[in-house]
Amino acid sequence: MHFNSMRYLTLLLICLAGTQIALAQEPKPQQPTDPNAELKNVVMPQVRTQDTTIRRIMEELQKIQASDQSNSSAIQGLLQGREIDNITKYQLIRNNIVYASETYYLLNKKIIDLKSRTTTNNLDVFITSLNNPESKELGFSLSDRIVELVEKVVLKGKKDKNDDKSNKIVESTKSIIASPIFQSFTSLTPPLAIANSVMNFLHSVSINNKEINQQTLKDFEKELNKYVVYYTALNDANNKFEYGLNFNKDQLNLLHDNLYDHIMFTASALKFNLPQRGNKSLGETLNDFFFDFKKEKVVLFFDDLENKYTKGKKVDYEALLRENPNLKEVNNQLEDLVMQTKRFENLYNEYFTLLDSYYGKVASALKIAQDNGLADKSTIDAKQSEFRNLKDEAVKEIQASINIKELYNNTDKIKYRYRIF
């Protein structure tokens, strides 16, 4: 505005100077010497020149005035646009952080839930029953079958009440099977350990018993291997599922640690009391923390912040953003939180992939039992159908408990792609 005023003043001076020059150059009127002298001095070229100069100066002044008004409007528009830009930035930050507080809570809850999962109780009971050497789920007991094989194949049906050697072999076999050592084994190991121990026992007995030759032992081992192959396949299925679960849990633990670090950063920026782990587990620590750090409290934080920067009836968003740069940084770090939810989604899906693979391997083991004549087809079909139903029930139970869609819907509200500087 100072520059424009100077232009006005300069043009006015030019105008006055031009007028003075024109007047100075105008010839002084002389006394007429004849009657026609007045007519000769009616129109003077200098007057036209003077009128044109003034008109041009006035036109220039009008242009300058119009330009000044346009510039003033533009400046006001820029100021208004800047204010709108600050409001937009603030609203984006506020909404993102409010939604993020809910996402923190949901992600923590679902990580804890998935970490606690192995299988359901019914599915565990089913697998345990197949693992039990005394179980007759497939129509036979491994313990009984081993004793029968010893009597029929090794002793060739010659067992007699008065035959001390044969009786001792049978009783020793039963003693091995009933050993409490095998009861402490986990997974599907007991049947395999029992079969291996009985085989080693018979090999040692054959050294001093001429009736138990190498061919007899081979025949016994061939029949015993029909069971061993089935239990080995079942054991492989269980071990791979357990390994997969442990790896899944390790990844969930790592994700939980990363979530904790992210929550610490955000809580610090919003001036909340930070969660203290102490001797508590991470899950317990965060569960306690979310009694205070929750969506309602975050909304209240922003309400108080707006009140602090309210002047008259307007919030000074520019000052608010300038004096609280940590809010921008929290907003710009939310991409990492969204990536954490996607990582959880992957681990969640991997769990069901593990369960599907587990079902397929158990079904294959049951088919081996059928092919080896350990159980008839109708029994195997019934067991496979039972296992499939139990697996489907487990899937539905976990899906209902974790409710991954709830996490999707909340995370989608976070506009993390809009970074603010």
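The values are calculated or read from the model by the stated rules, or taken from the named source; none is laboratory data. This structure is a prediction, so every number in the text was calculated from the model and none was measured. As a convention, Cβ positions derive from the backbone with ideal geometry for all residues, glycine included, and neighbour counts pool all protein chains shown.
Among the residues of the stretch 289-307, those that are surrounded by 13 or more Cβ atoms within 10 Å (Cβ to Cβ) and assigned to a helix (DSSP H, G or I) comprise Phe289, Lys295, Lys297, Val298, Val299, Phe301, Phe302, Leu305, Glu306. On the basis of being part of a loop (DSSP other than H, G, I, E, B), over 18 Å from the mean Cα position of the chain (by Cα) and surrounded by 19 or more Cβ atoms within 10 Å (Cβ to Cβ), does Leu130 make the cut? So Leu130 does not fit the description; no.
Every condition in (1) touching a residue at least 60 places away in the same chain (Cβ under 8 Å); (2) assigned to a helix (DSSP H, G or I) is met by Asp356 except one, and the failing one is (1).
How about the stretch 189-213: which of its residues are polar (S, T, N, Q), at pLDDT below 90 and in a helix (DSSP H, G or I)? Matches in the stretch 189-213: Thr189, Ser206. When Leu192, Leu217, Leu245 are checked against the criterion of being crowded, with 16+ Cβ neighbours inside 10 Å and under 22 Å from Ala369 (Cβ atoms), a single residue qualifies: Leu192. When every residue of the stretch 218-228 is checked against the conditions, none turns out to be out of contact with any helix residue (DSSP H, G or I) (no Cβ under 9 Å at 6 or more places or on another chain) and outside any helix (DSSP H, G or I). Annotation: of all residues in the stretch 140-188 being acidic (Asp, Glu) and more than 16 Å from Asn225 (Cα to Cα), the one that is modelled with the lowest pLDDT is Asp160.
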